[in-house]
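Since the structure comes first, as structure tokens, the remarks are kept for the end.
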Protein chains: 2
Amino acid sequence: MNRIASIYPNDGVTLREVGLRDGLQMVKTWPSTQAKCAWLIEEYLAGVRHFEIGSFLPAARFPQFADVAHMVEAVAALDGAHSAALALNERGAEAALQSVVGELVCVVSATEEHSQANMRRSRDEAVALVANVNSMRNGAAPDKIINAGISMAFGCSIAGPVAPADVLRLAEACLNAGADIVGLADTVGYAGPKQVADMCRSMAQLCGDRAFSIHLHDTRGTGIANAAAALDNGARILDASLGGLGGCPFAPGATGNVVFEDLVFLCETMGFATAIDLDGLAKARKIAETAMPGEDFHGAINTAGAPTGIEWRA
Amino acid sequence: MNRIASIYPNDGVTLREVGLRDGLQMVKTWPSTQAKCAWLIEEYLAGVRHFEIGSFLPAARFPQFADVAHMVEAVAALDGAHSAALALNERGAEAALQSVVGELVCVVSATEEHSQANMRRSRDEAVALVANVNSMRNGAAPDKIINAGISMAFGCSIAGPVAPADVLRLAEACLNAGADIVGLADTVGYAGPKQVADMCRSMAQLCGDRAFSIHLHDTRGTGIANAAAALDNGARILDASLGGLGGCPFAPGATGNVVFEDLVFLCETMGFATAIDLDGLAKARKIAETAMPGEDFHGAINTAGAPTGIEWRA
């Protein structure tokens, strides 16, 4: 448990920057490794410490993540920074365990339909992979964290509604399989705050003193409202991406991940100190915008700036 | 009280479209009366029933509202539709009372500094105006509603922080002066959901079975989160504008009012039925976009559409 608490302190909120992974899944122009490193360092200097930085996938099929081993080294070089990367099969997990990555992210779909369509495996097989990765981890690099992300946890673009009980069963199965953290993802942005609140209360009960994470998309404008509901109901680890980079494969042109900058402002207004500087985020954003011309960057706080004349920070 | 309850039923949520008033305060190209009417009718056909449609101000200084008397007639012609317009002084109130407008909106600033800078009167004088308008209304058109909107209620761009107790005192003074409804406005988008929740709980206690309204701006990305907090804490009348039209005079280029389309989706996910059709809103938005080329229209649901395969409506 100490391994986890040192990375994800349970007395405050942790914001995970997933723009360098989820944000790059769909962009038209991939940033160079150099640009990624400049973006990473600028966000680190702004106070961000948690980076989901890529995916250990075949470089031939996912060239935007070909430099993942290099990127996790770049994170490791930054004092106090923590890297995570996707490991979607045994080969990916092996590569991840040989790298300096701090956290391996496995993905389990909430629905059988999406699991088969997206990963060509059943949900049970996906949970079995978590168990395998856990065994590999315990042998090779016991200090690395395993994060099991449950996609489509709030509604599925293929199967439609998702029963919360199914998600909770899967979450429990992942914990039993050795996951240190379970994350719930609103992959296609179907959720409203009531649904997120209910789910987080159940997750908090299931997880006890173990952390869980919430990965929200702003596809339908509810991203920040859902984040507020999550924070109000026990979630302490939230994903977001600079400028909301990410999009939605099922809604062309739609907004993507929750906007990191706006989430920082939200957290502070709710009494959760982030130690993240908005001006620094704006600098990082400029780097990302320059590296990916033609991509839409979203968010309000980057345009409006923080309120003046009031204490908006926690 | 029946007068109010027939317009703002207290067993559900009411969404007020303020785009034709607040949305036009800052736009570069004003839509023609014809375009406003086409926009109005399309939104009515989509299910919207409450329109803040302009301001009874000198046409020489505010030419975008020169047609306000005509516009309130256009609303009156639509079965079950309700119009509101600003009446910022006695002359405006007189003109409003001679019109077919259903609701006169008076404005009181939450801070002395903003009151003097914006209206050249003290807060006490602004409350006295509400009392005067009430007397005039009782004599001339007792079935019209008086709405007292308290601007800068969550923070002031001039004075900075605003004490909730000050806002509640002003709200009570407005009710005592004869206002049927008090509205609280986050004029410059300073609020977070915790602040909105606390304020709405206090307002619900103050107002008892009288309705109050909440006017939110999305200047810093918290608009929909704040709306969720308001709904969770007793607010049942919320302002918004199509495409978030409006902006912020203190933050050039910033997002404006809460996006009407996204607010409809939020309400439905929270169990508040709106009877408003998103496809119809998209048609109205096209009219407004065409009438105001170069204006930024915001919002996520207009791009992404509602979720498919799930029951997202209340």
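Each reported figure results from applying straightforward, stated rules to the coordinates on display, with no laboratory input. Please read all numbers here as calculations on a predicted model, not as lab measurements. Reconstructed Cβ throughout: ideal geometry from the backbone, glycine too, with neighbour counts over all protein chains shown.
Panel values: the range A:118-211, Kirkwood radius from alpha carbon pairs, Stokes-Einstein at 20 °C and 1.002 mPa s, translational diffusion coefficient 154 µm²/s.
Secondary structure note: in the range A:15-304, about 5% of the DSSP beta bridges are antiparallel.
Sorted fewest first by neighbouring Cβ atoms within 10 angstrom, B:286, A:194 come out as B:286, A:194. Taking one quarter of the surface of the convex hull spanned by the alpha-carbon atoms of the range B:1-160 gives a direction-averaged projected area of 10.0 nm². Rounded if a/c is under 1.5, else prolate if a/b is larger than b/c, else oblate: which is the range A:98-142, with a ≥ b ≥ c the root eigenvalues of its Cα gyration tensor? It is prolate, given that a/c is not under 1.5 and a/b is the larger ratio. Just so you know, the Cα atoms of the range B:1-92 work out to an Rg and Dmax of 13.5, 42 Å. Take every Cα pair under 8 Å whose residues are at least 6 apart in sequence, average their separation, divide by the length of chain B, and the relative contact order is 20 percent. With both labels modelled 7 Å from their Cα along Cα-to-Cβ, the residue A:163 to residue B:279 distance reads 3.2 nm. Ordering A:272, B:65 by the number of other Cβ atoms within 10 Å of each residue's own Cβ, fewest first, gives A:272, B:65. Beta bridges per DSSP, both residues in the protein assembly as shown: antiparallel share near 5 percent.
Each principal axis of the Cα atoms in the range A:234-275 has its own extent, and those three values, largest first, are 35, 20, 13 angstrom. With viscosity set to 1.002 mPa s at 20 °C, what whole-number translational diffusion coefficient in µm²/s follows for the range A:213-314 from Stokes-Einstein and a Kirkwood radius over Cα pairs? It comes out at roughly 153 µm²/s. A simple count of charges around residue B:29, restricted to other residues whose Cβ falls under 12 Å of its Cβ and scoring Lys, Arg +1 and Asp, Glu -1, yields -1. For the range B:2-304, what class follows from the C-alpha gyration tensor (a ≥ b ≥ c being the square roots of its eigenvalues): rounded when a/c is under 1.5, otherwise prolate if a/b is larger than b/c, else oblate? Here the range B:2-304 falls in the rounded category. Listing A:190, B:8, B:44 from fewest to most neighbouring C-beta atoms within 10 Å gives B:44, B:8, A:190.
All Cα-Cα distances of the protein assembly as shown, cut into 20 Å bins from zero to the largest, leave 20, 50, 24, 5, 0 percent in each bin in turn.
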